[in-house]
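The structure appears right after this line, and notes come after that.
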Amino acid sequence: MPLSSPLTAFFAQRPLVILDGALATELERRGADLNDPLWSAKLLIEQPALIYQVHLDYFKAGADVATTASYQATFEGFAKRGFDAATAAQLMRNAVRLAVEARDTFWAEPSNRVGRIQPLVAASVGPYGAMLADGSEYRGHYGLSEEALMDFHRPRLAVLVDSGADLLACETIPCLAEARAIARLLPEFPGAAAWISFSCRDGLHTSEGELLGDCVAALDGYAQVVAVGVNCTAPEFIASLVDQMHARTTKPLLVYPNSGEHYDATHKQWHGNPSASHFADQARGWHARGARLIGGCCRTSPDDIAAVHQWASASLPPHAAI
C-alpha cells in the first residue's frame with residue numbers, strides 16, 4: 001500500500017476501518033421513492049438533505065468512511081433524464097459535497113472526536129452495468145473491451161477525482177475486465193487512490209464466474225488500488241471469499257455484504273429477519289480471517305454499523321495485532 005493511501009493513517013492506529021452501510025435502501029426505509037433508473041442519484045436532484053442526514057447518521061453510528069450517492073450517477077444516465085454534461089458533473093460533485101458536509105458537521109462536535117480518527121469520504125463509482133439499470137452488475141458479460149470500459153469510466157472519474165473525496169470506491173464490479181479497466185485508468189489521475197470491490201455469486205466466484213482469488217491477484221501490481229474486496233454479496237459467502245483473497249493478495253481486504261435478506265424481484269419485497277448483533281458477530285469472523293475494512297451494503301443500516309463499532313471498540317484496541 002503506497003504511503004499516499006488515505007487509509008494509511010487509519011491502519012497506523014486501528015486494526016479495522018469501519019465502512020458505512022446501505023445508502024439507497026436506507027433512503028427507501030426513510031420514505032424515499034427510488035423506483036427510477038437513477039436510483040439513489042435521483043435524490044441528488046429531489047432530496048439532497050435526506051442523503052446528508054443518512055451520511056451523518058452513519059458517522060454517528062461509528063463509520064470511518066462515507067460512500068457517496070454517486071453509484072448510479074453517470075453522464076449517460078443523467079442525459080436520459082435531460083441533464084446536460086455540465087449539470088451532470090455538478091450533481092456528481094454535489095454527491096461528494098453532501099458527504100463532506102456531513103463529515104465536517106460530525107467532526108465539528110468535540111465529543112464526536114473522542115477515540116475517533118477524522119472520517120473519510122469515498123466517491124462511489126458504480127460499474128457499467130449499474131448505468132444500464134438492468135441488473136448487469138450481477139451478471140457481467142458486457143461484451144465490451146477493456147478499452148471501451150475505460151472510455152465509459154474516464155469522464156466520471158475525472159469529475160470525482162477532483163471533487164474533494166479522499167478516495168474512490170469502485171464497487172459492485174462483476175468481472176475482472178472492468179476492474180482492470182479501472183485500474184489501468186488510475187495512472188491518468190496520479191493523485192487518486194481507489195478500492196475495487198467485486199460482486200460475487202457464491203463463495204468462490206465473481207458475478208461473471210471468474211475465481212475471485214485470480215481477480216484480486218491480477219490487481220496486485222496496481223499501486224493506486226489501495227484495497228480490494230467484495231460487496232453487495234450474500235453474507236454467508238463472505239468468509240470463503242475472504243479466504244480466497246487473503247491467499248492471493250497483499251492489499252488490505254474489504255467486505256461490505258448485504259444484510260442477508262433476500263429480494264423478491266417479482267413482488268419487489270425483501271424477506272428475512274436480519275439483526276444488528278448477528279451482523280456484528282459475522283463481522284468478527286470476517287476480521288479474524290483477514291478483512292481490514294468492514295461495512296454493509298443493501299438493507300444494512302446505521303444500527304448494523306453501530307453494532308460493528310461497539311464490538312470493535314470493545315475487542316480491538318488501538319494497535320491491536322491483526
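For the structure I just gave you, tell me whether Pro127 is crowded, with 19+ Cβ neighbours inside 10 Å, farther than 23 Å from Pro37 by Cβ and within 15 Å of the chain's Cα centre (by Cα). So Pro127 fails the test. Considering only region 114-128, state which residues are free of Cβ contacts under 8 Å to residues at least 40 places away in the same chain and in a helix (DSSP H, G or I). Correct list: empty. When region 132-178 is filtered for residues that are surrounded by 21 or more Cβ atoms within 10 Å (Cβ to Cβ) and at pLDDT below 95, the ones remaining, listed by number, are Glu137, Gly140. Of everything in region 64-86 that is out of contact with any Pro (no Cβ under 9 Å at 6 or more places or on another chain), assigned to a helix (DSSP H, G or I) and at pLDDT below 95, the residue that is nearest to Gln310 (Cα to Cα) is Phe78.
Can you confirm whether region 45-63 contains a residue that is of a type in the set (A, V, I, L, M), surrounded by fewer than 21 Cβ atoms within 10 Å (Cβ to Cβ) and closer than 15 Å to Ala89 by Cα? Among the residues of region 45-63, at least one is of a type in the set (A, V, I, L, M), surrounded by fewer than 21 Cβ atoms within 10 Å (Cβ to Cβ) and closer than 15 Å to Ala89 by Cα, which makes the answer yes. Just name the residue that is farthest from Leu160 (Cα to Cα) out of those in region 79-97 that are without any contact (Cβ under 8 Å) to a residue 40 or more places away in the chain and of a type in the set (S, T, N, Q). Only one residue tops the list, namely Thr87. Against the conditions (1) assigned to a helix (DSSP H, G or I); (2) at pLDDT 95 or above; (3) surrounded by 14 or more Cβ atoms within 10 Å (Cβ to Cβ), Ser111 satisfies every one except (3). Residues of region 32-54 that are assigned to a helix (DSSP H, G or I) and farther than 17 Å from Cys298 by Cβ: Leu44, Ile45, Glu46, Pro48, Ala49, Leu50, Tyr52, Gln53.
Count of region 1-31 residues, restricted to those that are under 26 Å from Ile294 (Cα atoms), outside any helix (DSSP H, G or I) and without any contact (Cβ under 8 Å) to a residue 40 or more places away in the chain, is 2. Residues in region 240-283 that are in contact with a Ser or Thr (Cβ under 8 Å, 6 or more places away or on another chain), modelled with pLDDT of 95 or more and part of a helix (DSSP H, G or I): Leu241 only.
The values are calculated or read from the model by the stated rules, or taken from the named source; none is laboratory data. It should be emphasised that the depicted structure is a prediction, and the values quoted were computed from it without experimental measurement. Please note: Cβ atoms are built from the backbone with ideal geometry, for glycine as well, and neighbour counts cover all protein chains shown.
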